[in-house]
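Derivation of every value follows stated rules applied to the coordinates shown; laboratory data play no part. Nothing here was measured: the structure is a model prediction, and the numbers come from that model. All Cβ positions, glycine included, derive from the backbone under ideal geometry; neighbour counts span all protein chains shown.
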């Protein structure tokens, strides 16, 4: 009777994500995960996933969301965004929260704090760009682009945070700002540095090792400058379609993350990919977790 009642409710609220599985009515969640390195699964020697969002999905979300039928699709970022707008089953295990994305995505509570976006370039670029870099080491990206001082390349459809996204939209069309898309965008961007087709490429701190390798640089020759005038930390949340099914899934996810151990586990997946100096910077920016008594869960 209970399964029958759930099915009636699903039909009434328009949830085509309900399917029959082994005689029971099950809500299907289609996880759309974008094909960025260290975000999706990278198979190591042991065959275990290394990507931090892949780990979030396989080690935390799926095991703690029983009773759902989970499927996983690895897609380019524009297709992920499209799925979140058109497929009521669609959810993403991690997205930077921006106002633009709120228009088509229902977000969970923040689950990971990330260092803000920045620009990768070679050490030799420091001399040419020195006047655009603050004493604190942040880069005035707008002045770099509008002055024509450097050719900048970015991944189309990817969010670099609220402030940077708005800047890129406003400056799109300039001859020294290139947007690339498709599979393996971070690798492509890094290779543009190697080929001399870009002076700077935008990315996130945890990608430093990959960018260094693909650009053919020793780690010491690669610089990462945080972009000026943006938020000190990015908030990463789980996103679903804005319909009733997405709301139901997000409600369960928010309940999960009242557990401080799960919050720490989610953060650890990201932290494990940072270089020591970046992890130290993150620790300095992270707000302290409120204390809680034995057996209590923090909201």
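Which order do 188, 280 fall in if you start with the one that has the fewest other Cβ atoms within 10 Å? Present the calculation step by step, with values, prior to reporting the outcome.
Details: 188 18, 280 10.
Sorted ascending by nearby Cβ count, the order is 280, 188.
Scaled to the globular estimate 2.2 N^0.38 Å, the Cα spread of the range 156-299, given as radius of gyration, is 1.28. Sorted on the mean count of surrounding Cβ atoms within 10 Å across their residues, most packed first, peptides 130-143, 157-170, 85-98 read 85-98, 157-170, 130-143. Shape index of the range 184-255: Rg/Rh, with Rg the Cα radius of gyration and Rh the Kirkwood radius from the inverse mean 1/r over Cα pairs, equals 1.18. Normalising the Debye intensity of the range 116-228 to I(0), with uniform scatterers on Cα atoms only, and taking log10 at q = 0.14 Å⁻¹ returns -0.48.
Among 147-153, 258-264, sorting by the average number of other beta carbon atoms lying within 10 angstrom of each residue, highest first, gives 147-153, 258-264. A full extension of the chain between residue 64 and residue 131 corresponds to an added length of 19.1 nm, given 0.36 nm per residue minus the alpha carbon distance. Label separation (residue 283 vs residue 174): 3.7 nm, computed from points 7 Å beyond Cα along the C-beta direction.
Cβ-Cβ distance of residue 104 and residue 218, R₀ of 30 Å, FRET efficiency by 1/(1 + (r/R0)^6): the value works out to about 0.15.
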